[in-house]
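The values are calculated or read from the model by the stated rules, or taken from the named source; none is laboratory data. Every value quoted in this text rests on a predicted model; they were computed, and no experiment measured them. Please note: Cβ atoms are built from the backbone with ideal geometry, for glycine as well, and neighbour counts cover all protein chains shown.
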Amino acid sequence: MLGGFVLAAAVTIVLVMPPSIDPAAAQFTQTSAGPLTAADRDLLVKVRQAGLWEMPAGDMAQTRAESQRVKEVGRLIMEDHKKLDALTVQAAKKLGVVIPDEPNADQQRWLAQLAAESGPAFDKDYANLLRAAHGKVFTVVAGVRSGTRNTEIRKFAAEGINFVMRHMALLESTGLVDFQQLPEPPTPSPAPPVALAVDTRRH
(Lines give C-alpha, C1' and ligand atoms only; values in the text may rest on other atoms or scores of the structure.)
Protein backbone atom coordinates (compact mmCIF):
# COMPACT_ATOMS: atom_id res chain seq x y z
CA MET A 1 0.00 0.00 0.00
CA LEU A 2 2.77 2.39 0.98
CA GLY A 3 4.74 1.50 -2.14
CA GLY A 4 1.76 2.33 -4.33
CA PHE A 5 1.34 5.71 -2.63
CA VAL A 6 5.01 6.61 -3.16
CA LEU A 7 4.80 5.63 -6.83
CA ALA A 8 1.67 7.72 -7.35
CA ALA A 9 3.28 10.72 -5.66
CA ALA A 10 6.36 10.40 -7.83
CA VAL A 11 4.25 10.30 -10.99
CA THR A 12 2.33 13.37 -9.83
CA ILE A 13 5.56 15.32 -9.24
CA VAL A 14 6.85 14.43 -12.69
CA LEU A 15 3.59 15.53 -14.30
CA VAL A 16 3.39 18.92 -12.58
CA MET A 17 7.08 19.84 -12.84
CA PRO A 18 7.66 22.29 -15.74
CA PRO A 19 9.90 21.03 -18.53
CA SER A 20 13.53 22.07 -18.20
CA ILE A 21 14.67 24.95 -20.41
CA ASP A 22 17.75 24.50 -22.51
CA PRO A 23 20.09 27.34 -21.40
CA ALA A 24 21.56 27.62 -24.90
CA ALA A 25 18.10 28.03 -26.44
CA ALA A 26 17.23 30.80 -23.97
CA GLN A 27 20.25 32.86 -24.98
CA PHE A 28 19.14 33.78 -28.48
CA THR A 29 16.11 35.08 -30.33
CA GLN A 30 15.19 33.71 -33.73
CA THR A 31 14.90 36.40 -36.43
CA SER A 32 14.46 36.41 -40.19
CA ALA A 33 18.23 36.97 -40.42
CA GLY A 34 19.04 34.02 -38.18
CA PRO A 35 19.55 33.58 -34.43
CA LEU A 36 20.29 36.79 -32.53
CA THR A 37 22.48 36.25 -29.48
CA ALA A 38 23.27 38.40 -26.46
CA ALA A 39 26.66 39.17 -28.03
CA ASP A 40 24.95 40.36 -31.22
CA ARG A 41 22.69 42.69 -29.25
CA ASP A 42 25.61 43.93 -27.17
CA LEU A 43 27.47 44.86 -30.35
CA LEU A 44 24.66 47.17 -31.46
CA VAL A 45 24.50 48.74 -28.00
CA LYS A 46 28.25 49.36 -27.78
CA VAL A 47 28.54 50.80 -31.28
CA ARG A 48 25.57 53.06 -30.63
CA GLN A 49 27.07 54.34 -27.38
CA ALA A 50 30.44 54.87 -29.04
CA GLY A 51 28.83 57.28 -31.46
CA LEU A 52 26.87 59.04 -28.74
CA TRP A 53 30.06 60.28 -27.10
CA GLU A 54 32.47 60.44 -30.02
CA MET A 55 30.22 62.72 -32.07
CA PRO A 56 30.07 65.43 -29.37
CA ALA A 57 33.77 64.89 -28.66
CA GLY A 58 34.53 65.57 -32.32
CA ASP A 59 32.39 68.68 -32.15
CA MET A 60 34.36 69.88 -29.11
CA ALA A 61 37.59 69.38 -31.05
CA GLN A 62 36.55 72.08 -33.50
CA THR A 63 36.69 74.78 -30.81
CA ARG A 64 38.90 73.35 -28.06
CA ALA A 65 41.76 71.70 -29.96
CA GLU A 66 44.92 73.61 -30.75
CA SER A 67 46.27 71.13 -33.29
CA GLN A 68 44.79 71.48 -36.75
CA ARG A 69 45.26 67.75 -37.24
CA VAL A 70 43.23 66.98 -34.12
CA LYS A 71 40.48 69.27 -35.42
CA GLU A 72 40.51 67.48 -38.76
CA VAL A 73 40.52 64.02 -37.18
CA GLY A 74 37.68 65.05 -34.88
CA ARG A 75 35.62 66.23 -37.84
CA LEU A 76 36.24 63.06 -39.84
CA ILE A 77 35.40 60.75 -36.94
CA MET A 78 32.28 62.77 -36.15
CA GLU A 79 31.08 62.53 -39.76
CA ASP A 80 31.82 58.80 -39.89
CA HIS A 81 29.87 58.20 -36.71
CA LYS A 82 26.83 59.93 -38.14
CA LYS A 83 26.88 57.36 -40.95
CA LEU A 84 27.61 54.47 -38.59
CA ASP A 85 24.88 55.58 -36.21
CA ALA A 86 22.35 55.48 -39.03
CA LEU A 87 23.43 51.91 -39.84
CA THR A 88 23.18 50.97 -36.16
CA VAL A 89 19.67 52.36 -35.79
CA GLN A 90 18.60 50.63 -38.99
CA ALA A 91 19.97 47.24 -37.91
CA ALA A 92 18.52 47.57 -34.40
CA LYS A 93 15.08 48.39 -35.78
CA LYS A 94 15.18 45.48 -38.19
CA LEU A 95 16.22 43.02 -35.48
CA GLY A 96 14.05 44.43 -32.70
CA VAL A 97 16.96 45.45 -30.47
CA VAL A 98 16.50 48.31 -28.00
CA ILE A 99 19.51 50.64 -28.13
CA PRO A 100 20.40 53.47 -25.71
CA ASP A 101 19.96 57.18 -26.30
CA GLU A 102 22.86 58.35 -24.16
CA PRO A 103 26.49 57.41 -23.51
CA ASN A 104 27.38 55.15 -20.60
CA ALA A 105 28.79 56.49 -17.32
CA ASP A 106 32.45 56.21 -18.39
CA GLN A 107 31.78 57.96 -21.68
CA GLN A 108 29.92 60.77 -19.95
CA ARG A 109 32.90 61.21 -17.63
CA TRP A 110 35.27 61.40 -20.61
CA LEU A 111 33.09 64.05 -22.23
CA ALA A 112 33.09 66.07 -19.01
CA GLN A 113 36.89 65.79 -18.87
CA LEU A 114 37.27 67.03 -22.45
CA ALA A 115 34.75 69.82 -21.91
CA ALA A 116 36.96 71.17 -19.11
CA GLU A 117 40.10 71.24 -21.28
CA SER A 118 41.47 73.17 -24.22
CA GLY A 119 44.69 73.52 -26.19
CA PRO A 120 47.43 70.88 -25.91
CA ALA A 121 45.76 69.17 -22.92
CA PHE A 122 42.60 68.66 -24.95
CA ASP A 123 44.56 67.45 -27.97
CA LYS A 124 46.40 64.81 -25.95
CA ASP A 125 43.39 63.54 -24.03
CA TYR A 126 41.14 63.52 -27.09
CA ALA A 127 43.59 61.37 -29.04
CA ASN A 128 44.29 58.97 -26.18
CA LEU A 129 40.77 58.58 -24.81
CA LEU A 130 39.33 57.85 -28.23
CA ARG A 131 42.19 55.57 -29.27
CA ALA A 132 41.81 53.47 -26.11
CA ALA A 133 38.04 53.29 -26.59
CA HIS A 134 38.40 52.21 -30.20
CA GLY A 135 40.79 49.45 -29.19
CA LYS A 136 38.18 48.04 -26.83
CA VAL A 137 35.29 48.19 -29.27
CA PHE A 138 37.49 46.69 -31.98
CA THR A 139 37.76 43.44 -30.03
CA VAL A 140 33.98 43.37 -29.57
CA VAL A 141 33.25 43.93 -33.26
CA ALA A 142 35.89 41.43 -34.39
CA GLY A 143 34.67 38.78 -31.96
CA VAL A 144 31.07 39.05 -33.11
CA ARG A 145 32.07 39.21 -36.77
CA SER A 146 34.04 35.99 -36.45
CA GLY A 147 31.25 33.93 -34.93
CA THR A 148 27.79 35.45 -35.37
CA ARG A 149 25.10 33.27 -36.94
CA ASN A 150 23.00 36.31 -37.88
CA THR A 151 23.41 37.58 -41.45
CA GLU A 152 22.32 41.13 -40.59
CA ILE A 153 24.80 41.35 -37.71
CA ARG A 154 27.54 39.83 -39.86
CA LYS A 155 27.02 42.55 -42.46
CA PHE A 156 26.87 45.27 -39.80
CA ALA A 157 30.03 44.04 -38.06
CA ALA A 158 31.92 43.90 -41.36
CA GLU A 159 31.07 47.55 -42.02
CA GLY A 160 31.66 48.57 -38.42
CA ILE A 161 35.13 47.07 -38.20
CA ASN A 162 36.24 49.15 -41.19
CA PHE A 163 35.10 52.32 -39.42
CA VAL A 164 36.92 51.35 -36.22
CA MET A 165 40.18 50.55 -38.02
CA ARG A 166 40.01 53.83 -39.93
CA HIS A 167 39.43 55.78 -36.73
CA MET A 168 42.35 54.13 -34.94
CA ALA A 169 44.61 55.08 -37.85
CA LEU A 170 43.28 58.65 -37.87
CA LEU A 171 43.87 59.07 -34.14
CA GLU A 172 47.38 57.65 -34.44
CA SER A 173 48.08 60.12 -37.26
CA THR A 174 47.91 62.96 -34.72
CA GLY A 175 51.22 61.77 -33.27
CA LEU A 176 49.74 62.12 -29.78
CA VAL A 177 48.78 58.54 -28.97
CA ASP A 178 50.77 57.08 -26.08
CA PHE A 179 51.05 53.44 -27.13
CA GLN A 180 52.65 52.52 -23.80
CA GLN A 181 49.33 53.24 -22.09
CA LEU A 182 47.33 50.90 -24.32
CA PRO A 183 46.59 47.36 -23.10
CA GLU A 184 49.10 44.84 -24.36
CA PRO A 185 47.87 42.12 -26.73
CA PRO A 186 46.88 38.93 -24.90
CA THR A 187 49.66 36.42 -24.37
CA PRO A 188 49.22 33.51 -26.77
CA SER A 189 48.56 30.10 -25.27
CA PRO A 190 51.63 27.87 -25.22
CA ALA A 191 51.76 25.47 -28.13
CA PRO A 192 51.22 21.81 -27.21
CA PRO A 193 54.43 19.79 -27.11
CA VAL A 194 55.30 18.14 -30.38
CA ALA A 195 55.82 14.41 -30.09
CA LEU A 196 59.23 13.36 -31.32
CA ALA A 197 59.20 10.83 -34.10
CA VAL A 198 60.76 7.55 -33.09
CA ASP A 199 62.95 5.90 -35.70
CA THR A 200 62.12 2.21 -35.48
CA ARG A 201 64.56 1.20 -38.17
CA ARG A 202 67.49 -0.93 -37.14
CA HIS A 203 70.89 0.69 -37.46
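Scanning the stretch 73-105 for residues that are in contact (Cβ under 8 Å) with a residue 40 or more places away in the chain, farther than 28 Å from S32 by Cβ and of a type in the set (D, E) yields D80, E102.
Selection of the stretch 91-150 for residues being among the acidic types (D, E) and touching a Pro at 6+ places or on another chain (Cβ under 6 Å) yields an empty set. Annotation note: of I21, I13, the sole residue that is exposed (fewer than 14 other Cβ atoms within 10 Å of the Cβ), outside any helix (DSSP H, G or I) and at pLDDT below 95 is I21.
With respect to the stated conditions, A33 fails to be among the small types (G, A, S) and surrounded by 20 or more Cβ atoms within 10 Å (Cβ to Cβ).
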